[in-house]
Amino acid sequence: MQTRIESLVARCQPGRSLPGDFYSGEEIYRLDVARVWRTGWLFAGHACEIPQPGDFFTIEVDTDPIVVVRGDGGAIHALHNICRHRGSLICTEPSGHVTRLVCPYHQWTYALDGKLLACRGMDEELDKGKFALHRIHTREVEGLIFISLAEEPAPFEPAFKTLAPLLKPQGFHRAKVARAVDYLVEANWKLVWENNRECFHCNVNHPQYIKANFDHYNADDTAPRVREEIAAVVARSEKKWAAAGLAATHKQTGMTLFPDARNHIWFSGNRTPLVDGWVTESMDGRQVAPLMGDYEEPDVGTLRVRTLPNFWNHSSCDHSVSTRLLPAGPQRTAIRVWWLVEESAVEGRDYDLAKLMPFWQLTSEQDWQICERQQRGVNSSAYTPGPYSTYKEYNVASFVQWYLQTLER
Amino acid sequence: MQTRIESLVARCQPGRSLPGDFYSGEEIYRLDVARVWRTGWLFAGHACEIPQPGDFFTIEVDTDPIVVVRGDGGAIHALHNICRHRGSLICTEPSGHVTRLVCPYHQWTYALDGKLLACRGMDEELDKGKFALHRIHTREVEGLIFISLAEEPAPFEPAFKTLAPLLKPQGFHRAKVARAVDYLVEANWKLVWENNRECFHCNVNHPQYIKANFDHYNADDTAPRVREEIAAVVARSEKKWAAAGLAATHKQTGMTLFPDARNHIWFSGNRTPLVDGWVTESMDGRQVAPLMGDYEEPDVGTLRVRTLPNFWNHSSCDHSVSTRLLPAGPQRTAIRVWWLVEESAVEGRDYDLAKLMPFWQLTSEQDWQICERQQRGVNSSAYTPGPYSTYKEYNVASFVQWYLQTLER
Amino acid sequence: MQTRIESLVARCQPGRSLPGDFYSGEEIYRLDVARVWRTGWLFAGHACEIPQPGDFFTIEVDTDPIVVVRGDGGAIHALHNICRHRGSLICTEPSGHVTRLVCPYHQWTYALDGKLLACRGMDEELDKGKFALHRIHTREVEGLIFISLAEEPAPFEPAFKTLAPLLKPQGFHRAKVARAVDYLVEANWKLVWENNRECFHCNVNHPQYIKANFDHYNADDTAPRVREEIAAVVARSEKKWAAAGLAATHKQTGMTLFPDARNHIWFSGNRTPLVDGWVTESMDGRQVAPLMGDYEEPDVGTLRVRTLPNFWNHSSCDHSVSTRLLPAGPQRTAIRVWWLVEESAVEGRDYDLAKLMPFWQLTSEQDWQICERQQRGVNSSAYTPGPYSTYKEYNVASFVQWYLQTLER
């Protein structure tokens, strides 16, 4: 295997997009599932989606059905959602509430932590201790649930230390899901990430996003006027946020460096000012829901968090938008986008989906279309890897580097 | 090939479900088609569906189109439904009537037994004798049509001897199809059989079925009350049936042993009492159509017949339900369920589909859902073969054993 | 590779249809794409579809997206429709008008001949000369556009010399598309050609076509009456056409010999009389649109042109019907059929689609159904190659020979 991987990786040139079969072929997709998706820490969902013991939601990582459930003691468990008897799916709904996990086929019954409690009809000598549901490593950081399918996952602590203080003021624990939308995007998951890792495409493709955000002004095309404007906003924001105890900001124009391939770091977050006049990422920049979490005023800029291989979040003072990728084939990615608001907010009274959703719904769907067009192009026999801009696509190059490192680990 | 098969079979553990790729992979599916489906005796349909010479129906075994047609002399022929000229499908409808088999492409014309009669436009030296339709072995037993794609199939006689006396009183020759329903079930054909080979799942999944039938009361959970109840019914039934000349009964609670892997036997049938108060497998146990065949009174219990790899039938005094499986991909099975009644019965006057169908339509569809859930589970990388209950899943273990024997033959 | 191809080709018998995997398997499909579709001259479309500089249309050969665009100087360019930056599709619509080719992702901007003009945001040392769009060889003959994906395609001149004088009077340069219809036919592209290369199937399958055309009367079934009738029509037509300066006719009954496998010739055309009383291929033989091109009277017979691997055209005095095949999978062919009329003709006034289209729409769709049935048949494990008639299927045998030659080149 190692030799095969080495020969595949050797075909990739630094600073260039990947060869076509990395985006389209079955062999590399299977490798990605094994090396990236079944080893890394995956964002699964929000703790606020399963507030009570017995609340669960299900996800599918490639063909692996998984249930994430809050246990009797309040801890969150992630379990392979397949019965140890004959492999049937156990929880068949996308979400719900149970007291025990009961297989619908022959009623093998498991505790919420996966322990086998009953399997009536089986031979008496069957050792129940050997037939617990296969457990999946789970970690929570400030209301975000991460899982790892690895037997021995990489340590989660570094991510926790970085992300916890950033996430805390947003109050994910006291949030509720206003709406979630599922997409099946006809593009390899790496194309979706490459798209996410640069804003070189924003000016033309994201008319809504660029009104509110600075980061599409990259080093080489920033006029003195823009640079001064940003400096003023950053200075004002820093002062304010320091007083409010809000964590580290991203002060330069341009996107923050992520991933950090040199140190193989897969998580990052930062708080950044919005353009003057925008207090949130809504269509007109005006607040669309009550303040979330610890915020006491709307001017908190925008909090951005991302973790490889499958999560990013953009939060404003009043709402938070999470995006989760799951691989669903060599040229298909299952994507869910959630809009979260303060848990006590009431639809119709405190917020209106028609005002809450369009900013990120449009921006997301613009990206999915871009990725699907790119997929059709890289499927061509005439496709050859092209050069990344060192000014505008440094993060794409880093992502590719991180990805190839991950394959080789 | 043999070595490859041996190494696959060596991965299977007795008394456990099969490894995941036996249920999902392309390689083993191709092997199943070659070793199971193109060698065994397959139920094709009912003789009463093609009463007149020239009547035909078509079926598809994996990608092999087949036509079953009644010949001029009344014999039933099964033929590969593809022209010997350039391979076009000949009969393009699911059923119908023809006088000759004429290819729609260039009108090569075959007798109903497959003999090439005319091929106008071809070179004169073409030897018609060499271009008959490829014939398929066919056997009929009391109105049930079986075919084998093997060049030299296993002898049919043992099956004939066992099944003929059991089937005879049901009168399949004097039956008619009241309705047939086709399903495309997203599950490997072996999952469908494993589901069929135990009633461990019945109590929870088949509320209709268990009201009428005893066999879900398995040895370990039969209370004395139930055992006495069954004994009484069996005793009463046996006496009655002996007087009426009805063949062998199944007297124990629990499912009859099938398949008999020790002797590699693929066919079986038995007559069993229904629960007191049920004279047929209808929703309320009351008769829903005129008596069939030789029956002179409704109290004939239930006749059950099954043949591997693709048939089972449940018959009551007044109607008969046949189920046929055909493989349609590694994770897909084409299933047809037929409801048959006495041939002179008239819909609306003598029977009502709304009363005739629900019992087995519900029970069947409950099983298809179970199988589809199990397929999703065994597709998981975390799936590991689980143990069968020796009390309740002995037949599933036998099926798996029979299957592995068949692969190795 | 060569050895593998030789062993595949060795399995084919002269005068017989191909073994099943030539029509259904992935391996041979990939070989066909490489050896046939990425080497030969492919019909792309009509020059009249892109009359102005900047007009374009797109096509897809297997998974290769291609744009055909008229350049600033009026020349036609075919380019791989994928950006040299990160591979995105550039032109995303089936047809349209542009002044430059601008990638929607990061706005890399190309001239209409593919030259990279601008790539703002990229590193300054990027050598624009190395990042032109990948060009595709293009040739036009009398308004028909051909492309070749080969690096060094076979010479186009012989085709040009043969086809130009035949095509000229039809006036494709002064034509317009009245309507185009797209089909996704579930059949291997070779089955579609084999169907096209004989009229043995016409009598039964094409009731409209045979009323207007002689060529289904093949040598062995031509009665003296028919032979005399044809001779009279040919004699009369030849005289008339010679006076009008119309090019070479096809004088025999039966289809003209094509392809000429002995000389590996992939193009051909001829003018042939229609049946008496038919001046065009319409449902009743009556003129359905104004005269096209150089024609001064309706009695010009029918002009037929075909080029391998993907084009045929049937033209009458008043309209012209082009058919283009593109491979879309082992068992799938994307087919477009165009109806062209004189460019000044106005729908509703000069022609009516309901009269213009049915003759070839019916005939085409009859053929697609034939091909789909044949595909289902050749997918059978029981399919064995059958004999071609030397009287009626000589061109099918030639096609197969040409195809196998092409694989081995």
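The values are calculated or read from the model by the stated rules, or taken from the named source; none is laboratory data. Not measured: the values here are computed from a predicted model. Here Cβ is always computed from backbone atoms with ideal geometry, including for glycine, and neighbour counts include all displayed protein chains. Heavy atoms of the whole protein, side chains included, go into the accessibility calculation; ligands, DNA and RNA do not. Shrake-Rupley method; radii C 1.70, N 1.55, O 1.52, S 1.80 Å.
Filtering the range B:111-133 to residues that are under 26 Å from the mean Cα position of the chain (by Cα) and open to solvent by 50 Å² or more (accessible area, probe 1.4 Å) leaves only B:113. Of all the residues in the range C:77-110, those that are over 19 Å from residue A:205 (Cα atoms), more than 8 Å from chain A (Cβ to nearest Cβ) and open to solvent by 10 Å² or more (accessible area, probe 1.4 Å) number 6.
Of all residues in the range B:325-347, which are assigned to a strand (DSSP E or B) and open to solvent by 20 Å² or more (accessible area, probe 1.4 Å)? Within the range B:325-347, B:334, B:336, B:342, B:347 qualify. Candidates are the residues of the range A:246-262 that are at pLDDT 85 or above, within 20 Å of the chain's Cα centre (by Cα) and in a loop (DSSP other than H, G, I, E, B); the one that is surrounded by the fewest Cβ atoms within 10 Å (Cβ to Cβ) is A:257. When B:77, B:106, B:85 are checked against the criterion of being in contact with a strand residue (DSSP E or B) (Cβ under 6 Å, 6 or more places away or on another chain) and of a type outside the set (A, V, I, L, M, F, W, C), B:77 stands alone in meeting it. Test residue A:318 against the stated conditions and say whether it is within 20 Å of the chain's Cα centre (by Cα), more than 15 Å from residue A:196 (Cβ to Cβ) and either touching a residue at least 12 places away in the same chain (Cβ under 8 Å) or part of a loop (DSSP other than H, G, I, E, B) (or both). The answer is yes for residue A:318. Contact annotation: residue pairs with Cβ atoms under 8 Å, 6 or more positions apart or on different chains, pairing a residue in the range C:236-247 that is under 14 Å from residue C:273 (Cβ atoms) with a partner that is modelled with pLDDT of 85 or more and of a type in the set (Gly, Ala, Ser), are C:237/C:301; C:241/C:301.
Summed over the range C:184-193, the residues that are within 14 Å of the chain's Cα centre (by Cα) and of a type outside the set (Lys, Arg) give a count of 3.
Quick check on residue B:344: is it more than 26 Å from residue B:26 (Cα to Cα), over 21 Å from the mean Cα position of the chain (by Cα) and hydroxyl-bearing (Ser, Thr, Tyr)? Against the criterion (more than 26 Å from residue B:26 (Cα to Cα), over 21 Å from the mean Cα position of the chain (by Cα) and hydroxyl-bearing (Ser, Thr, Tyr)), residue B:344 qualifies.
A quick yes/no check of all residues on (1) away from chain B (no Cβ under 14 Å); (2) part of a helix (DSSP H, G or I); (3) surrounded by fewer than 19 Cβ atoms within 10 Å (Cβ to Cβ):
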position: C:349; (1), (2), (3): yes, no, yes
position: C:355; (1), (2), (3): yes, yes, yes
position: C:359; (1), (2), (3): yes, yes, no
position: C:363; (1), (2), (3): yes, yes, no
position: C:370; (1), (2), (3): no, yes, no
position: C:374; (1), (2), (3): no, yes, no
position: C:384; (1), (2), (3): no, no, yes
position: C:390; (1), (2), (3): no, no, yes
position: C:396; (1), (2), (3): no, yes, no
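Within the range B:295-318, restricting attention to residues that are open to solvent by 10 Å² or more (accessible area, probe 1.4 Å) and among the acidic types (Asp, Glu), the residue that is nearest to residue B:269 (Cα to Cα) is B:299. Is it fair to say residue B:309 is touching a residue at least 60 places away in the same chain (Cβ under 8 Å) and touching a Gly at 6+ places or on another chain (Cβ under 6 Å)? Yes.
Scan the range A:269-283 for residues that are within 16 Å of residue A:353 (Cβ to Cβ) and open to solvent by 20 Å² or more (accessible area, probe 1.4 Å) and jot them down.
A:283
Residues of the range C:55-72 that are open to solvent by 10 Å² or more (accessible area, probe 1.4 Å), away from chain A (no Cβ under 13 Å) and not in a loop (DSSP other than H, G, I, E, B): C:55, C:56, C:57, C:70.
Scan the range A:222-234 and tell me whether some residue there is modelled with pLDDT of 85 or more, over 18 Å from the mean Cα position of the chain (by Cα) and not charged (D, E, K, R). The answer is no, given that none of the residues of the range A:222-234 is modelled with pLDDT of 85 or more, over 18 Å from the mean Cα position of the chain (by Cα) and not charged (D, E, K, R). The residues listed here are B:13, B:52; of these, the one that is more than 14 Å from every other protein chain (Cβ to nearest Cβ) and open to solvent by 10 Å² or more (accessible area, probe 1.4 Å) is B:52.
Answer yes if at least one residue in the range A:150-163 is out of contact with any Gly (no Cβ under 9 Å at 6 or more places or on another chain), open to solvent by 10 Å² or more (accessible area, probe 1.4 Å) and either modelled with pLDDT under 95 or within 24 Å of residue A:340 (Cα to Cα) (or both), and no otherwise. Taking every residue of the range A:150-163 in turn, at least one turns out to be out of contact with any Gly (no Cβ under 9 Å at 6 or more places or on another chain), open to solvent by 10 Å² or more (accessible area, probe 1.4 Å) and either modelled with pLDDT under 95 or within 24 Å of residue A:340 (Cα to Cα) (or both).
For the range B:32-49, how many residues are of a type outside the set (Phe, Trp, Tyr), touching a residue at least 40 places away in the same chain (Cβ under 8 Å) and open to solvent by 10 Å² or more (accessible area, probe 1.4 Å)? The qualifying residues number 6.
Under the condition of being open to solvent by 30 Å² or more (accessible area, probe 1.4 Å) and within 20 Å of residue C:79 (Cβ to Cβ), which residue from the range C:134-148 is farthest from the other protein chains (Cβ to nearest Cβ)? That would be C:140.
As a summary of the residue check, residue C:118 satisfies the conditions (1) touching a Ser or Thr at 6+ places or on another chain (Cβ under 7 Å); (2) in contact (Cβ under 8 Å) with a residue 24 or more places away in the chain except for the one numbered (2).
Using the structure shown, decide if residue C:180 is modelled with pLDDT of 90 or more, within 17 Å of the chain's Cα centre (by Cα), farther than 28 Å from residue C:141 by Cβ and buried (at least 16 other Cβ atoms within 10 Å of the Cβ). Considered against the rule, which asks whether it is modelled with pLDDT of 90 or more, within 17 Å of the chain's Cα centre (by Cα), farther than 28 Å from residue C:141 by Cβ and buried (at least 16 other Cβ atoms within 10 Å of the Cβ), residue C:180 comes out as no.
Annotation: of all residues in the range B:17-30 being part of a helix (DSSP H, G or I) and open to solvent by 10 Å² or more (accessible area, probe 1.4 Å), the one that is farthest from the other protein chains (Cβ to nearest Cβ) is B:27.
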